[in-house]
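Take a look at the structure below.
The values are calculated or read from the model by the stated rules, or taken from the named source; none is laboratory data. Not measured: the values here are computed from a predicted model. Methodologically, a virtual Cβ is constructed for each residue, glycine included, from the backbone with ideal geometry; neighbour enumeration extends over all protein chains shown.
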Amino acid sequence: MKILKYIFSGCAILLFSQCTDLAEEPYTFLSPSNYYKNADELNTALVSVYDGYQNGFNGNYKYIMYLEVLTEFGSPAYAKDDVQLWNVWSDMNNADKMVITNWDDAYNIINRANLVIGRGSDVEMDETLKKRYFAEARFLRAATYYNLVRMYGGVPIPETFTEGLKNLAIPRKTTEETYAYIIADLEYAEENLPQKSGYPSDNIWRASKGAAQALLGDLYLTRGSMTGDKTFFQKSKEYTTKVIQSSQYDLQSNFKDLWYWWNINNKNGIESVFEMQYGGVENEYNNNHVMFGVNITETTLGCYMYHRFGPSIQHYLSYSSDDTRKEGSFLTTVNVTEKGNSSHILQTIEFVPADKGFFPGSKGWKTASPGNLKFYDRTESSASLKKPQANSYVIRYADVLLDYAEAENEINGPAAAYAYVNRVRNRAKLPDLTPGLNKEQFADAIYKERGWEFVGEGLLFFDELRTNRIGKNISEHVKYGNDNGINMYVNNPLQFVPSKNFLFKIPRYDLDSNPALIQNPDNVSN
C-alpha cells in the first residue's frame, strides 16, 4: 500500500552536502533507534525533507504539467498521459484517473518533517540551532499542506510521525483548521529562521525568514480571494511589506539571467526568495525536462526533450513583441547538428504559430507548442549525463511584488499599487501600465502580468482558481482552440466548466489506505 511509503520515509535519508550543487551520496537505511543522536544527524534528516519537497512538487513534472494544462496558459503538446483530456476538463470527478498524483508524495514530506520535529526534541544540541532546524521543517510542512489544501480542501493532519501500521485512520480537518495549522507553522518559521543574508554562502539555499513571510503573504491573499474578507488582504499586504522592506531581495535586472538556460551562475540569486536545488547526479536532477514542449534529441541543447506539454499558442501570441520575457522563456528555433557538432548544422527548425500546432510544421518543428526554457539545462554535461541541474523557483521576488499590488488594490484601489506592477513590467522592457484604471481593470492587468511572468512555474492554476476566472477563461480558451483548428483541440470540446470552488478527488488508492478519509463530493459543471 502507498501508506507504507510514509512509514519508511523517515529511515530512507538522503545524505548530501550543504551546498548549492548537491554532491552525490547513496540512500542509506538507518534504524530510528540509533539515529538522531546529534545536530549533524538531525540536519541530515532535515535535508531529506527538502529532498522530499523537491521530488514531490517542484521536481515532479506531473504536478506542474497537470495544473497548468488546466489553464489557458498551457496546452498538450502530445497525447501521452492523456494530457489532451485534461485540457478540456474530461472526467474530472474520477478518483481513479483524473487526479493529481502526488497526495502520497505530500504525506511522505509531512512524515519526514514530523520525524525531524518529533525525534529532534531529544537531541542534545544548541537550542537556537535546533529551533532553526524545526523552523525549516515546519516551513516545508506548511508549504506542503498549502499545496494540498488548495487542491483538496481540508486534509488529515497527523499529530506525529508514523512508526508502524497503527493509528493510520486519520480523519480530515476542515479547510479553516488546515489553514490555521499552516499559519502556525509559518509564524514559527518566521520567528526562528534567519534572513537569507544570515546564512553562510554554502547554506543560502535554505528556507529563510523572508520565505516564510512571502508564503504567508501569498496564503492570506488566497484566503482573501476565496472568502472576500478584506482583513486577509490586509494581512497579505503586511507580510509582503516585510519582505519588500527587508532589503534581502530585488528583481534580477535582466529577465534572462533568472534561468539556467541563459546563465549557469543564476542559482539562489537576488530574486530568489526560495528555490529547490538540483544537481547532475542520480535522484537529484531536475525532472521537469520531460514537460519541455519540444520533441527532440539535440546535444547542443543539453538533455533530450519531451513534448508532453508546453505553453499554449494562444498565450504565446499574447506577448508584446517588446516583452523580453517572450525570448527569455520560450524556445522557438533549433539548429539540428551532426552528432552535436555546433559548426555543422544539418537543419534549422522553427516553431510557426500559423501551423496551429500540427507537427512536423512548415519549418520542421516537432511538437504542438513552443518550448519552455525556464527549468532547462543546455550544458554539455546535461547532454552527456541526461541529468539537468537547473534549479526550480518556489518563490520569486516578482511574485511578492505582484502579491503586494493585488492586496493593495483590493484594499485601497490601484493608486499605490501601480509602482509594484510597473517594476515587473519595466524589467521586461515594457512601459508602465495605462494610468487611470479602475479596481477591476487593474486586477485584470495584474492577472495578465502574472501569466506573462510565471508561465510554466506552477502558480497560474491557483491564481485562476482563487480569482474566479477559471470557468470563463477555460471556456474561451477551448473555444479559441476549436474555432481556430488548433491541434489537440480539433473536435475536442470543453467537457466540464470548473468553478472557483473546484476540488480534486483524493486518489482512490490513498482513500482506500485510510478508512477515516471522506472523499470530496462530485464537482458540478459551472
Fill in: Leading residue by the ranking (farthest from Q277 (Cα to Cα)) among those in the range 66-104 that are among the hydrophobic types (A, V, I, L, M, F, W, C), part of a helix (DSSP H, G or I) and in contact with a Pro (Cβ under 9 Å, 6 or more places away or on another chain)
L85
Worksheet item: Identify, please: which residue in the range 130-160 is among the aromatic types (F, W, Y) and within 27 Å of N501 (Cα to Cα) and is, among those, modelled with the lowest pLDDT?
Response: Y152
Discussion item. When the residues of the range 374-393 are narrowed to those that are buried (at least 24 other Cβ atoms within 10 Å of the Cβ) and hydrophobic (A, V, I, L, M, F, W, C), which ends up nearest to R423 (Cα to Cα)?
Written reply: F375
Practice prompt. Scan E282, E275, E271, E327 and give me the residue that is out of contact with any strand residue (DSSP E or B) (no Cβ under 7 Å at 6 or more places or on another chain) and either under 17 Å from E453 (Cβ atoms) or surrounded by 22 or more Cβ atoms within 10 Å (Cβ to Cβ) (or both).
Written response: E327
Practice prompt. Kindly provide the set of residues from the range 429-480 that are hydroxyl-bearing (S, T, Y) and either under 13 Å from L70 (Cβ atoms) or in contact (Cβ under 8 Å) with a residue 12 or more places away in the chain (or both), ordered by number.
Written response: Y447, T467, S475, Y480
